[in-house]
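The values are calculated or read from the model by the stated rules, or taken from the named source; none is laboratory data. Quantities reported herein were computed from a predicted structural model and do not represent experimental measurements. Neighbour counts are summed over all protein chains in view; Cβ atoms, including those assigned to glycine, are modelled from backbone coordinates with ideal geometry. For the accessible areas, the whole protein counts, side chains as well, though only heavy atoms, and no ligand, DNA or RNA atoms are used. Shrake-Rupley method; radii C 1.70, N 1.55, O 1.52, S 1.80 Å.
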Amino acid sequence: AYEGKEFLGSTDERFRPANLYSAPDGTLYVIDMYRGILQHRQYMTSYLRRQIIERGLDKPVGLGRIYRIVHESKKPGPKPDLAKASAARLVEHLSHPNGWWRDTAQRLLVERGDKSAAPAWKKLAMSSDRGVPARLQALWTLEGLGPLDPEMLVQIMDEPPAKLRSAAIRLSEPWLAAGAAGLVERVVQHARDSDREVRLQVAFSLGEAAAPVREETLARLLQGEADAPFMIAAAVSSLSGSELAFLERLAASSEWREPRKGFASLFEMLAAAVFRGGDGNKIERLFQMVRAEEEPKWRRLALLNGVRASGVRKLAMLPRDLEVAAQSPDPEIAKAAGEVMKRFVWPGKFPDGPPQLTAAEQQLFEHGRVTYERICATCHQPNGRGQDGVALPLVDSKWVLGSDQILARIVLKGKIGRTAVVMPSLEMLSDHDLASTLTYIRRSWGNEAPPVSPATVGAMRLAVIVRGQPYTEAELETLAR
C-alpha cells in the first residue's frame, strides 16, 4: 500500500497479526493474537527460555484484539442486508468488487435452492465482458444448484482467461466419469493448453475419465512436464489403482527409455503407490521389472527407491525377483536391491521365528506409534524417511539402531548438525512416552533393534539434567566410542 514501508507495524514484540479479513464495508480487519510466546513447549530451547524469562514474554495473556483499518480517502460502504435480498438481487452481487459480497450471495443462493434466477447467472457466467471473479462465482453457484450443462462448459473451455478454462475442466468431471464423448475430447485437447495451470487441472480431472483415455493423455502430458513435481503428483493422484499398468505402459515406450529430468521421480512415485496398494500380484510384477537386466539402470534404481519410500515392511512371501536383483552384476543395482531386501519381513525369513516383543514391550510399541505420529512424523515423515534439509532418516540410522542410552540423550536434549533445522528437546514428555516412541522407531520400517525401557530414559534424564544445549554430531561420536 505504501512503497518501501508498511502501513501497520509495532515496536511491541507481543504484536502478532495472525490474519486479515476484508469486511463488507470495504474496511480491513486485523486479528492480533498479542502473545509473547508462539513456540510449542517442545521447541523451547534454552536460549528461547532465557529470553522469555528476561523480557517477561509469558505475560500478559488474554489481551488479543481486533483492529479495524479505514482508509482516510474512502468512506466505508453500506452495511449488508443480504438475508432479505431477492434471488435477482443476489445475482447482481455476484459481480460485486468486494469478495465478501460475492461469497455471501453465492452461499445464500445455494442454501435457498431457488433456481428462479438461473437464466440471470447463466448469462453472467457466459458474459465475456464481465470480470473473471464474477464469472467464476456464477459458475460455482450454478454447480451448487445443479443447472450446469456440458455445452456451456465446452464453450467456456475456449475462453482466453486460464482460470475460466481450469474451472470449466474441473466442473466437467461428472461428465468425464459418464464418458460424454464430446466433452472428454475437449478436456483431452487441453493437455496441450498453453497455460500450465490449465494443464495441471487436466492432470487432476483425468482421474474421472476411463482408463485408456486417462493413461494415454497423462503419458503424453508427462512427457513434457515431468520436470514439474506438482504435475507428477497430480497425474499419480489420477491413476489410483492403475499405477502399475501406467508404469508398464511407460516402460514399453521408447520415449521413456532415456533418462530426462523428472522421469526418475515419476517412476519412484508410481512404484511407491503400487506398493502401498498391497496387491501381491502387482508387487510381483513390479519386482520383475526391477530384476530385468534389459531394463535401463536408471529405471530399476528409481523403482527400488520408490519401493523403499513406500514405508511397506511386510510381504506375503519371499520376493525372489528382488533376491535375484540383489545378485545383479551391476554393483549399484545389487546394493540397492540388497538394502531393500533388508527392510522386508515375510513368512520364513527368520527360521527360528522373528524376534518377538514381550506383551509389555508390544504395548510400548503401540503407544509409541501414536506418539510418533503426533509429534515426530511431521519432520521425519510417517515412513521414517525424513526430509532433505529438515530431518534425517530414521531408517537404518546408526543413532536409532545403536546405543539406547545415546538415543535417549538425543531425544531428551535435541541434536544439531547435519540439517539446517535443530532437532528440539523432547524432555517435557514422560519417560514412558519417550521410551515407547524410541521402541517404535527401533522396530519399524525394517529396523530391528531392542526396545527401550522407561527406566533407561529415566536414568539418562538424571544424567543430563543440567545440560542446556542440544548434542552435536561430534559429541555423540565421542559418546559412542
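Please enumerate the residues belonging to segment 146-176 that are under 26 Å from the mean Cα position of the chain (by Cα) and open to solvent by 30 Å² or more (accessible area, probe 1.4 Å). If the condition is that a residue be under 26 Å from the mean Cα position of the chain (by Cα) and open to solvent by 30 Å² or more (accessible area, probe 1.4 Å), then Lys163, Arg170, Glu173, Pro174 are the ones that fit. Only residues that are in a loop (DSSP other than H, G, I, E, B), open to solvent by less than 30 Å² (accessible area, probe 1.4 Å) and under 21 Å from Leu8 (Cβ atoms) were counted across segment 58-104, and they come to 1. For segment 121-145, filtered to residues that are open to solvent by 50 Å² or more (accessible area, probe 1.4 Å) and either over 31 Å from the mean Cα position of the chain (by Cα) or not acidic (Asp, Glu) (or both), the residue that is nearest to Arg170 (Cα to Cα) is Trp140.
Could you tell me whether any residue of segment 429-451 is touching an Asp or Glu at 6+ places or on another chain (Cβ under 6 Å), modelled with pLDDT under 95 and buried (at least 19 other Cβ atoms within 10 Å of the Cβ)? Yes, segment 429-451 has at least one match. Ala211 meets the conditions (1) closer than 12 Å to Ser238 by Cβ; (2) surrounded by 15 or more Cβ atoms within 10 Å (Cβ to Cβ) in every case but one. The failed one is (2).
Considering only residues of segment 312-324 that are within 14 Å of Gly280 (Cβ to Cβ) and not hydrophobic (A, V, I, L, M, F, W, C), which is surrounded by the most Cβ atoms within 10 Å (Cβ to Cβ)? Full working, then the answer.
Residues of segment 312-324 that are within 14 Å of Gly280 (Cβ to Cβ), as a first pass: 312, 314-322.
The next check asks that each one be not hydrophobic (A, V, I, L, M, F, W, C); those that pass are 314, 319-321.
Working: Lys314: 9, Pro319: 23, Arg320: 12, Asp321: 19.
Looking at residues that are within 14 Å of Gly280 (Cβ to Cβ) and not hydrophobic (A, V, I, L, M, F, W, C), I get Pro319.
Which residue, of Glu111, Glu143, is touching a Leu at 6+ places or on another chain (Cβ under 9 Å), among the acidic types (Asp, Glu) and assigned to a helix (DSSP H, G or I)? It is Glu143.
Here Ala309 meets the list (1) modelled with pLDDT under 95; (2) open to solvent by 60 Å² or more (accessible area, probe 1.4 Å); (3) under 21 Å from Ala325 (Cβ atoms) almost entirely, failing just condition (2). For segment 23-52: of the residues being at pLDDT 90 or above and open to solvent by 70 Å² or more (accessible area, probe 1.4 Å), which is farthest from Asp103 (Cα to Cα)? Taking the candidates together, the pick is Arg35.
Can you tell which of Ser444, Ser436 is in a loop (DSSP other than H, G, I, E, B) and polar (S, T, N, Q)? Let's see the steps before the verdict.
Working: Ser436 fails: in a loop (DSSP other than H, G, I, E, B).
Only one candidate passes the filter, namely Ser444.
Looking across Ser205, Ser240, one residue alone is under 27 Å from the mean Cα position of the chain (by Cα), open to solvent by 50 Å² or more (accessible area, probe 1.4 Å) and in contact (Cβ under 8 Å) with a residue 24 or more places away in the chain. It is Ser240. Given Ala272, Ala264, Ala337, which one is more than 18 Å from Val236 (Cα to Cα) and either part of a loop (DSSP other than H, G, I, E, B) or under 29 Å from the mean Cα position of the chain (by Cα) (or both)? Residue meeting the stated conditions: Ala337.
Any idea how many residues of segment 243-264 are farther than 25 Å from Glu284 by Cβ and open to solvent by less than 50 Å² (accessible area, probe 1.4 Å)?
Within segment 243-264, the first condition is being farther than 25 Å from Glu284 by Cβ, and the residues that meet it are 254-255, 258-262.
With the extra rule that they be open to solvent by less than 50 Å² (accessible area, probe 1.4 Å), the set shrinks to 262.
Residues that pass the stated criteria total 1.
Each row is one residue, and each column tells you yes or no for (1) modelled with pLDDT of 90 or more; (2) open to solvent by less than 50 Å² (accessible area, probe 1.4 Å); (3) at positive phi.
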residue: Asp388; (1), (2), (3): no, no, no
residue: Val395; (1), (2), (3): no, yes, no
residue: Lys398; (1), (2), (3): no, no, no
residue: Gln405; (1), (2), (3): yes, no, no
residue: Gly414; (1), (2), (3): yes, yes, yes
residue: Gly417; (1), (2), (3): no, no, yes
residue: Ala420; (1), (2), (3): no, no, no
residue: Pro424; (1), (2), (3): no, yes, no
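Pairing residues of segment 14-29 that are over 11 Å from Val70 (Cα atoms) with residues that are assigned to a loop (DSSP other than H, G, I, E, B) and of a type in the set (A, V, I, L, M), at Cβ distances under 6 Å and at least 6 apart in sequence or on separate chains, gives Arg16/Met33; Ala18/Met33.
Could you tell me which residue of segment 275-304 is farthest from the chain's Cα centre (by Cα), considering only residues that are among the aromatic types (Phe, Trp, Tyr) and either within 25 Å of Pro382 (Cβ to Cβ) or open to solvent by 60 Å² or more (accessible area, probe 1.4 Å) (or both)? In this case the residue turns out to be Phe287.
If a residue must be outside any loop (DSSP other than H, G, I, E, B) and farther than 18 Å from Ser10 by Cα, how many such residues does segment 44-57 contain? First the steps, then the outcome.
Within segment 44-57, the subset outside any loop (DSSP other than H, G, I, E, B) is 46-55.
Still in the running and farther than 18 Å from Ser10 by Cα: 46-54.
Residues flagged as outside any loop (DSSP other than H, G, I, E, B) and farther than 18 Å from Ser10 by Cα within segment 44-57 amount to 9.
Is it the case, given these coordinates, that Val370 is surrounded by fewer than 14 Cβ atoms within 10 Å (Cβ to Cβ) and in contact with a strand residue (DSSP E or B) (Cβ under 8 Å, 6 or more places away or on another chain)? Here the answer is no, as Val370 does not meet what is asked.
For the structure I just gave you, tell me whether Pro351 is open to solvent by 40 Å² or more (accessible area, probe 1.4 Å), at pLDDT below 85, out of contact with any strand residue (DSSP E or B) (no Cβ under 7 Å at 6 or more places or on another chain) and under 26 Å from Ile283 (Cβ atoms). Here the answer is yes, as Pro351 does meet what is asked.
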